[in-house]
1. Here is a list: A110, A52. Which entry is closer than 20 Å to R7 by Cα and in contact with a strand residue (DSSP E or B) (Cβ under 7 Å, 6 or more places away or on another chain)?
2. Of everything in region 123-153, what is surrounded by 24 or more Cβ atoms within 10 Å (Cβ to Cβ), more than 12 Å from the ligand (Cβ to nearest atom) and not aromatic (F, W, Y)? Give them in sequence order.
3. When residues of region 202-242 are filtered for being basic (K, R) and free of Cβ contacts under 8 Å to residues at least 24 places away in the same chain, how many remain?
4. For region 356-375, name all the residues that are part of a helix (DSSP H, G or I), without any contact (Cβ under 8 Å) to a residue 24 or more places away in the chain and either small (G, A, S) or over 19 Å from T424 (Cα atoms) (or both).
5. Only one residue in S317, S293, S288 is more than 25 Å from E456 (Cα to Cα), among the hydroxyl-bearing types (S, T, Y) and at pLDDT 95 or above. Which one?
6. What pairs come out if I take residues in region 332-349 that are within 22 Å of K136 (Cβ to Cβ) and pair them with residues that are part of a helix (DSSP H, G or I) and away from the ligand (no atom under 16 Å from the Cβ) whose C-beta lies under 8 Å away, six or more apart or interchain?
7. Is region 67-87 home to any residue that is over 19 Å from the mean Cα position of the chain (by Cα), polar (S, T, N, Q) and within 22 Å of A227 (Cβ to Cβ)?
8. Please go through region 305-317 and give me each residue that is farther than 20 Å from M199 by Cα and within 20 Å of the chain's Cα centre (by Cα), ordered by number.
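The values are calculated or read from the model by the stated rules, or taken from the named source; none is laboratory data. Since the model is a prediction, treat every value here as computed from it, not as a measurement. So basically every Cβ, Gly included, is an ideal-geometry build from the backbone, and we count neighbours across all protein chains shown.
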Amino acid sequence: MLERSLRQQIDDLRKGEYSAVELTTACFQKLHQHKALNCFITLTEDQAMQAARQADVQRARGEVKPLQGVPIAHKDIFCTAGVRTTAGSRILDNFIAPYDATVVSNLASAGAVMLGKTNMDEFAMGSSNETSYYGKVLNPWNTEYVPGGSSGGSAAAVATGLCSAATGTDTGGSIRQPAAFCGITGLKPTYGRVSRWGMIAYASSLDQAGPLARSAEDCALLLGYMAGPDPRDSTSAARRVDDYMTPLKEPIGGLKIGLCQEFMASLDTEMASILSEVARELEQQGASIQDLSLPNATLAIPAYYIIAPAECSSNLSRYDGVRFGYRCPDPVNLEDLYKRSRSEGFGTEVKNRIMVGTFALSAGYYDAYYKKAQQVRRLIKNDFETAFNQVDVLLAPTTPGTAFRLGEKAGDPRAMYQQDIFTTASNLAGLPALSMPAGQLTELPIGAQLIGNYFEEATLLRVAHQYQQTTAWHQARPPLASETP
Ligand code: GLN
């Protein structure tokens, strides 16, 4: 059952091959078996079993919702009524939201069963899942390696087959990079496509939620139920949700695909040959490939690492020990309460970013840092606009290489930030981008990235789906996934 895709599980449940209770039980069995991977911060086993039973009862009565009884996992950044939401931080260790995030309620209304909340880098700041207060997540392909971050728990869970799909968020690569490191498919939609309501804010102008699954088809399926306008999020797009499933079947003949030269130039030969192989495959299917330039794309890292910390310094000011979350013991006065609650509640990486962001926004430095970074952001957006006058989709690497060893970059923030070199540009521009498995090096998966024009999620999913019809990288499973209880 667990090797079945999300779409297959929906079909199987409909045909009565197994029940939602049987499927959910199997998920928890495997989940407990692979506890050492540390994919989850909180499990909601009782609630899930109850929801599965209810799904079966409803089905027997003929009430069937589209995702009826399918178990999925939510990144622990989405608020869930009555179930704690930590964002991977000590400061929210005891936080129980009084409401569900829109993504959570949308998927619940579609019938999905929540297994629990997945592990993540603290406040989604990181590329390795090592900054979580709840400990690191291990990569199921090789447990000495990182799964990527910040949605590392979701990616590792899906790759291991603990569930067929999960939610994630992506501010600078946090869906695509762990998807690439774990050998699965992940999509960051256009900024505004999915509501951010109830999603704990890191950098509000960049944050976007999206699906992680083993195929483009399953991502399309999940996105259809996650996305949509939301009156409670003023930045959500007032646009109806496209049909992501039907266009998947259309061949990609005639599509123009661009290869960004600045990105390709920085790749080592093995990575470059994997990317060329993907380009060749798409060409064989009738797409035309052309080189093009995004002259300012290489400035994405410095711009991102000013803008994201600036926004985080503002967003995280709400954790003050007064309103919610961790409060230090025995404060002597208000100042002491603020200072100690925040210094004891936040981890090192989060504190670094709050300091960088506060500095970049401070009087006298604002023009030199924040304003400059916003100007660079505009140039990057313009580059993409020019590119999308010439091509339909851009093909790029997702990461500079495979997953790295646990601890390898933990003490070196700049090396860690360089991991995001190919992913941050599309967040700065607000464009949709997807990572799909495209090869392996040293028995670890490699991802290829597709970047699309605004609200062209359907095109990205179609290209990835067509690629997955003639290649098998997305079917490769980590050896650990096939171990049975
Ligand atoms: N690795 C990037 C960062 O640390 C991106 C994280 C994300 O997308 N949430 O900010």
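1. The unique qualifying residue is A52.
2. Residues satisfying the conditions are S132, V137, N139, P140, P147, G153.
3. 1
4. Listed by number, the residues that qualify are F359, D367, A368.
5. So the residue among S317, S293, S288 that is more than 25 Å from E456 (Cα to Cα), among the hydroxyl-bearing types (S, T, Y) and at pLDDT 95 or above is S317.
6. Once the first residue is within 22 Å of K136 (Cβ to Cβ) and sits in region 332-349, its partners that are part of a helix (DSSP H, G or I) and away from the ligand (no atom under 16 Å from the Cβ) give E344/R90; G345/R90; G345/I91; F346/R90; F346/I91; G347/R90.
7. Within region 67-87, one or more residues are over 19 Å from the mean Cα position of the chain (by Cα), polar (S, T, N, Q) and within 22 Å of A227 (Cβ to Cβ).
8. Selection gives Y305 alone.
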